[in-house]
Amino acid sequence: MLIPIKITQKAQEEIKIIMATKNIPKDYSLRVGVKGGGCGGMSYLLGFDKPKEGDQHFVIENIPVLIEKKHYMFLMGMLVDFYEGADTRGFTFVNPDLPKRHDG
């Protein structure tokens with residue numbers, strides 16, 4: 001099965017640091033998913049979890065990844081990145097297939 005997401009080098013490094021330093025159990029994997037879809041659109045989820053029935057399993061750059069079957073199509077082509085700025089840091093989801101907005 002085709003791997004639906006890509007993880008940038010920066011995000012991979014951050015995920016591996018979290019796995020090594022935050023006492024994530026060995027049998028847990030990175031779970032990527034979606035939530036909602038109402039007025040605000042789709043929210044993307046990232047966390048660590050045990051495999052559940054119906055999960056699809058992937059290994060991306062030695063990172064075990066879980067995606068629920070029903071979320072697979074919403075994540076297709078998504079890029080998981082890690083942003084580090086002066087005022088904020090965290091994981092971001094980028095859909096490179098969507099046209100960029102030009103404000104102003």
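The values are calculated or read from the model by the stated rules, or taken from the named source; none is laboratory data. Here the structure is a predicted model, which means the values were calculated and not measured. When we count neighbours, we look across all protein chains shown, and the Cβ atoms used for this are built from the backbone with ideal geometry, even at glycine. Surface areas here come from the heavy atoms of the whole protein model, side chains and all, with no ligands, DNA or RNA. Shrake-Rupley method; radii C 1.70, N 1.55, O 1.52, S 1.80 Å.
Observations
- Kirkwood-Stokes translational diffusion coefficient of region 1-96, alpha-carbon pairs, 37 °C, 0.692 mPa s, µm²/s: 235 µm²/s
- Flagged links, alpha-carbon separation over 22 Å, of Lys6/Lys69; Lys10/Lys70; Lys22/Lys50: Lys10/Lys70
- Dipole magnitude (debye, nearest 20) for the chain, charges at Cβ of Lys, Arg, Asp, Glu: 180 debye
- Taking the accessible area of the chain, probe 1.4 Å, and keeping the other protein chains in place, the carbon and sulfur fraction comes to 54%.
- Those aspartates and glutamates that a straight Cα-Cα span of less than 15 Å connects to Lys52, excepting residues fewer than 8 apart in one chain: Asp27, Glu68
- Considering only Asp27, Asp81, Asp49, the mean-square fluctuation computed in a Gaussian network model of the chain, springs between alpha carbons under 10 angstrom, is largest for Asp27.
- In this label model, Phe74 and Leu45 are separated by 0.9 nm, measuring between points 7 Å along each Cα→Cβ vector.
- Max mean-square fluctuation residue, GNM over the chain, Cα-Cα springs under 10 Å, options Pro51, Pro64, Pro25: Pro25
- For the chain, the solvent-accessible area works out to 69 Å² per residue, with a probe of 1.4 Å and every protein chain left in place.
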